[in-house]
Amino acid sequence: MYISNMISNSETEMETIPNFVLYGEQRQDLFPDYLHIESIRARSLSYGWKFRPHRHHNLHQLFLIEKGGGRAVMEEMQHPLLDGTLIVMPPMAVHGFEFLPDTEGWVLTIPTPYVDRILEEEPRLPDYLAETRLIQLPNRETANSFASIFKTIAGEHAASTPARRLVLRSLVTLLVAEIFRLNPDSAEQKRDAASQKQLLLRRFQTLIEENFRQRWPVSRYADELGITATHLSRICRQLLEVPASELTTERGLLEAKRLLIYTSLSIAEIGYDLGFADPAHFSKFFRENTGQKPSDFRQAFTRRA
C-alpha cells in the first residue's frame, strides 16, 4: 500500500536545487559502471544522516528502508519512513531525507540508458517508473525478500566475477519486476498533458542509445523524431533542465569511461569506436568534459583497483 499521511512542506522551496550524480558528487564524476549500490549508512555517516532536497539527472534510484526510518521530502511533500519502505525515484524528482541514526537499508542508482533496456519487455513500466512512489511493504516476509535482492546485487557489484554485468542486469530486472508487481494497475492511473513530452524524451534517449557511436548532431535526432532541434532542446530543458546536446555528450562520455576502465583498447581505438575520426579530437572531447586526459583517467582507476 502507499503511505497517505502526507503534509505540505514549504521548507523545501529553494532558489537552486542541487543536481548531483550521487549526493555530494558533481556531474563530471559520472560513474561508468552498470549501476551503483551502497548501504544507506555508507553515505549517511558523512552527512549526519541528513540529505537536503536535491535531484539526479538521467539516473533512476530505488531505496529500501529495512530498519530505522525517518522522513522523506519528495516534491514539496513530507512522508514518514518506516521499516519496510520502498521508494521509486525517477530522474529529476526533487527529494531529500532525514534518516534516524543507524537506519539500515539500500540505495540503488541506475543510469537511464540501462533502465531503458529493462523497460523494453513490459510496456507499462515506463509510466510506472516515471513517477515518484513510496510503497509500504505489506509484511516482514516481503520486506526480507526485497532485502535479499538488494544484498545479492551489492555482493555481485562488489565482485569481479565472469558475466558480472549479465548477472547484475538480471538481478535489477528481477527487482524492478517485483516492485511493479506490488501495484501494477497504478501505471494506468496517472496520465497528463506532459505524457507526450515524456514520450518524445524517451524516444530521444532510445535513439541516443542506438546511435551515440555515430556522433549524430542534435538536428539529426530531431529529424528522426519529426520535430525541430529547438523544440527537442526545449523538451529536455523542461523535463531534465539540460540541453539536448548534453544528453548525447553524457552518453558518449559514459561509454568512453567504461572502455577505458574495462578494456585494453588503446585510446585511439576507443576514439574510433565512439565515432571520432581523429584520436586527438577524442582526447580533447574527454578532457573538456572531465578535466582529465583519457590516459590519466585510466591510470587513476588502475591504481585504485
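Taken about its Cα centre, the range 195-304 carries a charge dipole of about 300 debye when Lys and Arg each add +1 at the Cβ and Asp and Glu each add -1 at the Cβ.
Could you work out how far the C-alpha centroid of the range 147-179 sits from that of the range 248-305, in angstrom? For the range 147-179 versus the range 248-305, the Cα centre distance is 27 Å. Counting other Cβ atoms within 10 Å as a rough exposure proxy, the listed residues W106, W216 run W216, W106 from fewest neighbours to most. Here the label points at S245 and L199, each 7 Å from Cα along the C-beta direction, are separated by 3.0 nm in the simple model. Comparing Y221, F282, P294 along the charge dipole axis of the range 219-305, the residue lying farthest to the positive side is P294, per the Cβ-charge model. Estimate the FRET efficiency between S266 and A159 by the formula 1/(1 + (r/R0)^6), using the beta-carbon distance for r and 25 Å for R0, to the nearest 0.05. Rounded to the nearest 0.05, the efficiency is 0.35. Between L174 and R43, the distance separating the two model label sites (each 7 Å from Cα on the Cα→Cβ line) works out to 2.4 nm.
Any read-out appearing in this document is the output of simple, stated calculations on the displayed coordinates, not a laboratory observation. If you're wondering where the values come from, they're calculated on a predicted model, not measured in any experiment. Cβ atoms come from the backbone with ideal geometry, glycine included; neighbour counts cover every protein chain shown.
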